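Participant: I am attaching a structure below and will ask some questions about it afterwards.
Computed from the coordinates by the stated procedures, all read-outs in this text should not be read as laboratory data. All values derive from a computational prediction rather than experimental measurement. Cβ placement follows ideal geometry from the backbone for every residue including glycine, while neighbour counts extend to all protein chains displayed.
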Amino acid sequence: MHDNPAESRHLVVVNDEEQYSLWPAERELPAGWRAEGRSGTRGECLDHIQDIWQDMRPRSLREAR
């Protein structure tokens, strides 16, 4: 593991409600989350999430119109 958490490897993860987060790459994913496909430093992953997650409402709320 890296001494500097900002430089350690992270994964972008997503749940069934299409909510995004980042997760340390060396740790097992928590139940209900799957890897989205992007990995990198914490900053790179946060930038990617900011670019793709435009509507932060859970999918079930977005579809309940």
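Participant: Is region 41-63 home to any residue that is touching a Phe, Trp or Tyr at 6+ places or on another chain (Cβ under 6 Å), among the hydrophobic types (A, V, I, L, M, F, W, C) and not in a loop (DSSP other than H, G, I, E, B)?
Facilitator: Here is the first cut: in region 41-63, the residues touching a Phe, Trp or Tyr at 6+ places or on another chain (Cβ under 6 Å) are 49, 53.
Cutting the leftovers down to among the hydrophobic types (A, V, I, L, M, F, W, C) gives us 49, 53.
Filter again for not in a loop (DSSP other than H, G, I, E, B), leaving 49.
Yes, that holds for at least one residue.
Participant: Which condition number in (1) more than 22 Å from GLU63 (Cβ to Cβ); (2) buried (at least 16 other Cβ atoms within 10 Å of the Cβ); (3) not small (Gly, Ala, Ser) is the one that TRP33 fails?
Facilitator: (1)
Participant: Among the residues of region 27-39, is there at least one that is in contact (Cβ under 8 Å) with a residue 12 or more places away in the chain and assigned to a helix (DSSP H, G or I)?
Facilitator: No, every residue in region 27-39 fails to be in contact (Cβ under 8 Å) with a residue 12 or more places away in the chain and assigned to a helix (DSSP H, G or I).
Participant: Identify the residue in region 14-28 that is under 16 Å from GLY40 (Cα atoms) and of a type outside the set (D, E, K, R) and, among all such residues, is surrounded by the most Cβ atoms within 10 Å (Cβ to Cβ).
Facilitator: Selected residue: LEU22.
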